[in-house]
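The values are calculated or read from the model by the stated rules, or taken from the named source; none is laboratory data. None of the values given here were measured: they were computed from a predicted structure. So basically every Cβ, Gly included, is an ideal-geometry build from the backbone, and we count neighbours across all protein chains shown. Keep in mind that these areas ignore ligands, DNA and RNA; they rest on the heavy atoms of the full protein, side chains included. Shrake-Rupley method; radii C 1.70, N 1.55, O 1.52, S 1.80 Å.
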Amino acid sequence: MNLERIRALREDRDWSQQELADTLHINRRTYSAYETGVNAIPLDILIALARIYHTSTDYLLDLTDVCAPYPPKK
């Protein structure tokens, strides 16, 4: 997991942790714990982040440097 990448994506959009937590329907402290690595990011939140940022989970997991999302299933 690339926590710096996840934080940078949020900051590039000028979103606060509270704004993103509200979008994810979670507590800000919970989101902060994910972003700082205190708690592991659950799969459903990882998928939601990829959708919010229009990227792939592989990009968030630091498995690729390609930011573009995968094409949708047909």
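Share of carbon and sulfur in the accessible area of the chain stands at 51%, probe radius 1.4 Å. Comparing mean-square fluctuations of 29, 51, 13 from a GNM of the chain with C-alpha springs under 10 Å, the top value falls on 13.
Treating the beta-carbon of each Lys and Arg as +1 and of each Asp and Glu as -1, no other charges, what is the dipole magnitude of the chain about its Cα centre, to the nearest 20 debye? Walk me through the numbers before you get to the answer.
Working: 9 positive and 11 negative charges, 55 e Å.
Approximately 260 debye in magnitude.
Averaged per residue, the chain has 67 square angstrom of accessible surface, using a 1.4 angstrom probe with ligands and nucleic acids left out. Look at where the Cα atoms of the range 52-71 and of the range 28-43 average out, and the two centres are 19 Å apart.
Could you state the per residue volume, in Å³, of the convex hull enclosing the Cα atoms of the chain? Residue-normalised Cα hull volume stands at 90 Å³. Normalised by the number of residues in the range 30-74, the mean separation of alpha-carbon contacts (under 8 Å, six or more apart) gives a relative contact order of 24 percent.
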